[in-house]
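Enquirer: Let me begin by handing over the structure; questions about it come next.
The values are calculated or read from the model by the stated rules, or taken from the named source; none is laboratory data. Since we're looking at a predicted model, the values are computed, not measured. All Cβ positions, glycine included, derive from the backbone under ideal geometry; neighbour counts span all protein chains shown.
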Amino acid sequence: MPYKDPEEKRENSRKYYESNKEKKQEYNREWYKANKEKRREYNREYREANKERIQEYGREYSREYREANKERIQEYKREWYKANKERLQERRDANKEKKQEYNREYLKTNVEMSMWHSCKKRAKKGDLPFDLTIEDLEVPEKCPILGLELKAGNDSSREISPSLDRIVPELGYVKGNIRVISLRANRLKSDASIEELEAILKYMKEHERDSI
């Protein structure tokens, strides 16, 4: 006979579950054992059919969890770092050469991306305008100023590595105000004005004549 009172139904269900708890658990264990492969196959098919939905749910759940537990997560990270500081340093020291080699190889194959990330950080640190995309950073074969062949991640001479130059420094990293030159040319140019560079050139020419 159906229950007229929903509360009475829930209460009876709870009592039944409590009195048959071990029996129910044993039944579930036996059922999962007998249907182990069937359950695995079902889970695989479900994940495959709902891959994007599951990923989106996972991303949304992670965002909400991080937002709700922001301070707790930060505190946990700080405590974990303190407890593992020495171990982390040992790992860094042990993998120092390996990491340097990886960075060199990465730089060779991802020049534009590396430059983009670097100039974005510098713009943020210096509070400078920034509107560049990776496509804006086209690396020429040779330095347009000194004519040196540009090679990224070169161990023998970093002077020929590509370097991003701001034509007018105070305008920041914006379209039309950047060009890729050699690190050597960028160091020579630095933040000097045309007048200063001309004065240096004049000085060097005068002393070159004196030394002859």
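Enquirer: Which one of these does residue 138 not meet: (1) part of a helix (DSSP H, G or I); (2) of a type in the set (D, E, K, R); (3) farther than 23 Å from residue 197 by Cβ?
Expert: Residue 138 satisfies every listed condition except (1).
Enquirer: From (1) under 30 Å from residue 152 (Cα atoms); (2) in contact with a Phe, Trp or Tyr (Cβ under 6 Å, 6 or more places away or on another chain); (3) not β-branched (Val, Ile, Thr), pick out the condition that doesn't hold for residue 9.
Expert: The number of the failed condition is (1).
Enquirer: Spot the failing condition for residue 93; the list is (1) surrounded by 12 or more Cβ atoms within 10 Å (Cβ to Cβ); (2) more than 20 Å from residue 182 (Cα to Cα), and only one is missed.
Expert: (1)
Enquirer: Further question: Quick check: is even one residue across the stretch 105-119 basic (Lys, Arg), outside any loop (DSSP other than H, G, I, E, B), more than 17 Å from the chain's Cα centre (by Cα) and over 27 Å from residue 140 (Cα atoms)?
Expert: Filtering the stretch 105-119 down to residues basic (Lys, Arg) leaves 108.
If we keep only those that are outside any loop (DSSP other than H, G, I, E, B) too, we end up with 108.
Those left that are additionally more than 17 Å from the chain's Cα centre (by Cα): 108.
Now drop any that are not over 27 Å from residue 140 (Cα atoms), which leaves none.
Taking every residue of the stretch 105-119 in turn, none turns out to be basic (Lys, Arg), outside any loop (DSSP other than H, G, I, E, B), more than 17 Å from the chain's Cα centre (by Cα) and over 27 Å from residue 140 (Cα atoms).
Enquirer: Quick check on the stretch 111-162: of everything there that is in contact with a Leu (Cβ under 9 Å, 6 or more places away or on another chain) and among the β-branched types (Val, Ile, Thr), which residue is nearest to residue 178 (Cα to Cα)?
Expert: So the residue we want is 139.
Enquirer: Sticking with this structure for a sec: Report, ordered by the first and then the second residue, all pairs with beta carbons closer than 9 Å, sequence separation of six or more or different chains, a first member in the stretch 82-111 that is more than 28 Å from residue 161 (Cα to Cα), and a second member that is at pLDDT 85 or above.
Expert: Close Cβ pairs satisfying both conditions: 88/81.
Enquirer: So, one more: Considering only the stretch 107-122, state which residues are of a type in the set (A, V, I, L, M) and either closer than 17 Å to residue 169 by Cβ or buried (at least 19 other Cβ atoms within 10 Å of the Cβ) (or both).
Expert: Within the stretch 107-122, the first condition is being of a type in the set (A, V, I, L, M), and the residues that meet it are 107, 111, 113, 115.
Within the stretch 107-122, 111, 115 meet the criteria.
Enquirer: Filter the stretch 191-212 down to the residues that are surrounded by 10 or more Cβ atoms within 10 Å (Cβ to Cβ) and under 16 Å from residue 145 (Cα atoms), then identify the one that is modelled with the lowest pLDDT.
Expert: Filtering the stretch 191-212 for residues that are surrounded by 10 or more Cβ atoms within 10 Å (Cβ to Cβ) and under 16 Å from residue 145 (Cα atoms), the one modelled with the lowest pLDDT comes out as 192.
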